[in-house]
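Notes follow once the structure below has been shown.
The values are calculated or read from the model by the stated rules, or taken from the named source; none is laboratory data. Keep in mind it's a predicted model, so treat the numbers as computed, not measured. With ideal geometry, Cβ positions are generated from the backbone for all residues, glycine too; neighbour counts draw on all protein chains shown. Only protein heavy atoms, including side chains, enter the accessible area calculation; ligands, DNA and RNA are left aside. Shrake-Rupley method; radii C 1.70, N 1.55, O 1.52, S 1.80 Å.
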Amino acid sequence: MAELTEPRKRKSEETAPAQKRDRKGAARPNILVTGTPGVGKTRAAEAIAARLGLQRLGVSELAKSLKAFEEFDEARQCQVLDEDRVLDAMEPDLGRGGFVVDYHACELFPERWFDLVLVLRVGTETLYDRLTARGYPEPKLQENLQCEIMQVVLEEAREAYAAEVVVELRNESEADLEATLARVAAWRDAWNN
């Protein structure tokens, strides 16, 4: 698991200041909060944004506001995202920096957009309870439990982003959330210097 004590750079950019790595002129970082549905991404992203004075951008909410869906997936009981429309809408903001983005998938975003990728994890009992409370149908609930067990989102993040920016964090309790907030604030302070 990557440490969150200071920002890390890609090997090709070891000497470049972190804030100038990919988004030239960006004065504030972008953070992606991702994980299996039910791990607490929205709540964590809202708390991180509030603590750091950044803006939260929920991809699902953006897609709904744009009506950016290709179809409805009957088997999963959810809309299929029109990725191109959503990414086009996000690009101007993410290029400037200062955003905490939350979404259950991470590989669709350009690597250059994010300075830190947080993959939230919870135990399967906690996840089961949260998804059951949301009324997930049994097949969808089981698919998401399997994704968490198999670390699907974590592996996708590791494949899509530089290893040094991907951080796995537990998010089962208020104490976990507070620890995450403290670690991310320390990371941001180091990023600014």
Whole-percent carbon and sulfur contribution to the accessible surface of the chain (1.4 Å, no ligands, DNA or RNA) stands at 48
Between beta-carbons, use under 9 Å as the cut-off and find the net charge around ALA160, counting Lys and Arg +1, Asp and Glu -1. -3
Which of rounded, prolate or oblate describes segment 140-193 when judged by the alpha-carbon gyration tensor and an a/c cut-off of 1.5? oblate
Spelling out what I want: for every residue of segment 183-191, take phi, set θ = phi - 60°, compute 6.51 cos²θ - 1.76 cosθ + 1.60 (Karplus), and round to whole Hz; glycine and proline get x. 5, 5, 4, 5, 4, 4, 4, 5, 4
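Take a quick pass over the chain and tell me how many lysine pairs come in under 20 angstrom between Cα atoms, counting only ones 8 or more apart or on separate chains. Please list the in-between numbers first.
Details: LYS9/LYS20; LYS9/LYS24; LYS11/LYS20; LYS11/LYS24; LYS41/LYS64; LYS41/LYS140.
Pairs that pass both the separation and distance tests number 6.
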With -39,500 (n - 2.57) per DSSP H segment of 4 or more residues and division by the full residue count of the chain, the 222 nm estimate, nearest 500 deg cm²/dmol, is -13500 deg cm²/dmol
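Roughly speaking, what is the stretch gain from ARG43 to GLU125, that is 0.36 nm per residue apart minus the C-alpha to C-alpha distance, in nm to one decimal?
This chain segment gains 27.6 nm when fully extended.
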For a label point 7 angstrom out from the Cα of GLN79 toward its Cβ, which stretches of segment 87-115 have the backbone nitrogen within less than 17 Å? 87-90, 102-105
Give me the 1.4 Å probe accessible area per residue for the chain, excluding ligands and nucleic acids, in Å². 50
Kindly list the residues of segment 155-193 that lie in the label zone of ALA27, defined by a backbone N under 19 Å from the point 7 Å along the Cα-to-C-beta vector. 188-193
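If we sort 119-129, 90-100, 64-74, 27-37 on the protection proxy, mean other Cβ atoms within 10 Å, highest first, what's the order? Spell out each step's value before the answer.
Numbers: 119-129: 18.4, 90-100: 16.8, 64-74: 11.6, 27-37: 24.3.
Going from most to least packed, we get 27-37, 119-129, 90-100, 64-74.
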